[in-house]
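Have a look at the structure below, then the notes.
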Amino acid sequence: MSGKPRYDWPYYRDRYVAGGSTLADIATLPGGPGIDSLKRRSAKEDWPGQRAAYVHQTSTKALDMASTTEAEVAARHVRIARALQGKALERLRDLPVDALSAREVLSYLRGAAEIERAALGLDTVRHVTLSKRPEDMTDDELRAAMREYGIAR
């Protein structure tokens, strides 16, 4: 005898532990061990315990990756929203008051604020007290409200 093992046990163990195959599935592979040999080896090396540990470890890694990715996406969205708000405010301060309608300015700022608030997990609407709904206000009334909240000069 050459001393070489008859079966590639690590291969069969890996098929069971990480591959999701059953012992019965493995027993049907050509040239492989029979079901009784697989049961003995599996019991001796605790393949079911190794499978449970593998599944737990894989699930934990997947959840960690998902959490990290979600947090990274949220942080990126916050940075983008803040940059967008900064650019919008910068441009608004440089524009003549009549260059954009007050509704257009309000629309841009609302959009940037919604992105930032959503990324932070906050309500996407910030409530302010106005005398009327913005949709019912004239451009002059909207400009005055924006000046009051420090959005325009």
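Taking the criterion of being part of a helix (DSSP H, G or I) and surrounded by fewer than 17 Cβ atoms within 10 Å (Cβ to Cβ), the residues of the stretch 17-36 that qualify are Ala24, Asp25, Ile35, Asp36.
How many residues does the stretch 60-105 hold that are part of a loop (DSSP other than H, G, I, E, B) and surrounded by fewer than 13 Cβ atoms within 10 Å (Cβ to Cβ)?
First pass over the stretch 60-105, keeping only residues part of a loop (DSSP other than H, G, I, E, B): 95-101.
With surrounded by fewer than 13 Cβ atoms within 10 Å (Cβ to Cβ) added as a condition, the list becomes 95-96, 98-99, 101.
The total comes to 5.
Among the residues here, Thr138 qualifies as outside the structural domain of Arg15 (by TED's automatic domain parsing) and at pLDDT 75 or above. Taking every residue in the stretch 48-75 that is over 29 Å from Tyr12 (Cβ atoms) and pairing it with any residue that is of a type outside the set (Val, Ile, Thr), at least 6 positions away or on another chain, the pairs with Cβ-Cβ distances below 9 Å are Val73/Ala119; Ala74/Ala118; Ala74/Ala119; Ala74/Leu120; Ala74/Gly121; Ala75/Ala119.
Conditions tested, residue by residue: (1) among the β-branched types (Val, Ile, Thr); (2) assigned by TED's automatic domain parsing to the domain that holds Ala118.
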| position | (1), (2) |
| --- | --- |
| Ala18 | no, no |
| Ala24 | no, no |
| Thr28 | yes, no |
| Ile35 | yes, no |
| Arg40 | no, no |
| Arg51 | no, no |
| Val55 | yes, no |
| Ala66 | no, no |
| Ile80 | yes, yes |
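Restricting the first member to the stretch 79-105 and to residues that are in contact (Cβ under 8 Å) with a residue 40 or more places away in the chain and under 16 Å from Arg143 (Cβ atoms), and the second to residues that are of a type in the set (D, E, K, R) and surrounded by 17 or more Cβ atoms within 10 Å (Cβ to Cβ), the beta-carbon pairs closer than 6 Å and six or more apart or on different chains are Ala102/Arg143. Per the conditions (1) at pLDDT 75 or above; (2) within 30 Å of Glu72 (Cα to Cα), the sole criterion not satisfied by Asp123 is (1).
The values are calculated or read from the model by the stated rules, or taken from the named source; none is laboratory data. Here the structure is a predicted model, which is why all the values come from computation and not from measurement. Cβ coordinates were reconstructed from backbone atoms using ideal geometry, including for glycine residues, and neighbour counts include every protein chain displayed.
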